[in-house]
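Before I ask anything, here is the structure I am working with.
The values are calculated or read from the model by the stated rules, or taken from the named source; none is laboratory data. Source: prediction; values computed, not measured. Every residue, glycine among them, receives a Cβ derived from its backbone with ideal geometry; neighbour counts consider all protein chains shown. Keep in mind that these areas ignore ligands, DNA and RNA; they rest on the heavy atoms of the full protein, side chains included. Shrake-Rupley method; radii C 1.70, N 1.55, O 1.52, S 1.80 Å.
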Amino acid sequence: MAAPGVAVVPVPARATSPTSPLLIAAVPPALDRGGGLRPRRSGPVAACPSVSVVFPGAVSRESCCRFACELLKHVLYQRHQLPLPYEQLAYFCRRAAQGGDVIKKPPSMDLASKKSQQVLMELEGVLQHLEVMFSLTLVPRVLILLGGNVMSPKELYELNLEGICEGSAEKSLKTASCVRKLFHSLFVADVFSELKALPVMGTVVMLQGHRDCGVDWFRPKLNYKVPTRGRKLTVNLSCDGDINISASPPQHMTSTWEDYVWFQAPVTLKGFHE
């Protein structure tokens, strides 16, 4: 969900095989392409790859929110829970709702349209509440849990923001350039191309925030522990380089973590296939 006037970063085609031309063009010759979220054969615990992105300056709280929202949309599409990238799906749903399609469609397509509109509405609701949460508190970590349950998901994607130096909007890097850098790093790491397509399943969003932040939509989970089983990808974000002295130090240096707890979105995003 992009705010008015904010450029939307184009979403590439879904990665379906390790020979995708888009991904090959971005991968250096020496890069090992065999480690992306592939489960180990020797035990029940999956390998835990990570992608690290270092921004050359401070970033704003609004940028951190965009990172979380864009990663959620990207994971849902790449893991086959959305039939189209979010922006395209939103465009077609709005067009259908406004009567832009004059050709009469069969009942099955009308049902699919209603399902897609329902999925889109729920996703937009989560994105809006993420914006509220980020406006109320520092958010050091975000979890995107696919399938299973919050204690034992099939796949887990973690966005780690503890290394971020937060600055004001005027003295921070531009959000669009930071989003591009984030996704370029994901493409180079090639973390999706060798994964098998998932069936339709539920997705839950969890995030850390201050226990007294005053949020009333996300539900606190005081004793929650991050699962150790299932496929996991961690995206670590940090700042380096020209940091303005007015910017806050990295989150992990300033926060009293005893006061930060996990919060869970009260809705489960249900996947949708055409």
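Taking K and R as +1 and D and E as -1, what net charge do the other residues with C-beta under 14 Å from the C-beta of E258 add up to?
On the way: positive: R211; negative: D212, D259.
Here the count lands on -1.
How long are the semi-axes of the equivalent ellipsoid of region 93-234, defined as square roots of 5 times the Cα gyration tensor eigenvalues? Whole Å, largest first. Please report the intermediate quantities before stating the final value.
Values: eigenvalues 183, 91, 74 Å².
After scaling each eigenvalue by five and taking roots: 30, 21, 19 Å.
In region 143-227, what percent of the accessible surface is made up of carbon and sulfur (1.4 Å probe, ligands and nucleic acids excluded)?
Numbers: 1980 of 3890 Å².
It is 51 percent, rounded to a whole number.
Sort E158, E194 from largest to smallest accessible area, using a 1.4 Å probe on the heavy atoms of the protein chains.
Details: E158 10, E194 60 Å².
So the residues, ranked largest to smallest area, are E194, E158.
Want the number for E87 to V132: 0.36 nm per residue separation, take away the alpha-carbon distance, what's left? Show your work: numbers first, answer last.
Working: separation 45, 0.36 × 45 = 16.20 nm, distance 2.09 nm.
Full-extension gain reported as 14.1 nm.
At a probe size of 1.4 Å, how large is the accessible area of V267, to the nearest 10 Å²?
Approximately 50 Å² of V267 is accessible to the 1.4 Å probe.
To the nearest 0.05, what FRET efficiency results for K196 and K221 with a Förster distance of 25 Å applied to their C-beta separation? Could you put the intermediate results ahead of the total?
Working: r = 30 Å, r/R0 = 1.20.
In this case the efficiency is close to 0.25.
Taking the Cβ of G230 as the centre, find all other residues whose Cβ is under 9 Å away and add up their charges (Lys, Arg: +1; Asp, Glu: -1).
On the way: positive: K154, R229, R231, K232; negative: E155.
Residues close to G230 contribute a combined charge of +3.
When the label point is put 7 Å from the Cα of S50 along its Cα-to-beta-carbon vector, which residues of region 213-232 have a backbone N closer than 14 Å?
Under cut-off, by backbone N: 232.
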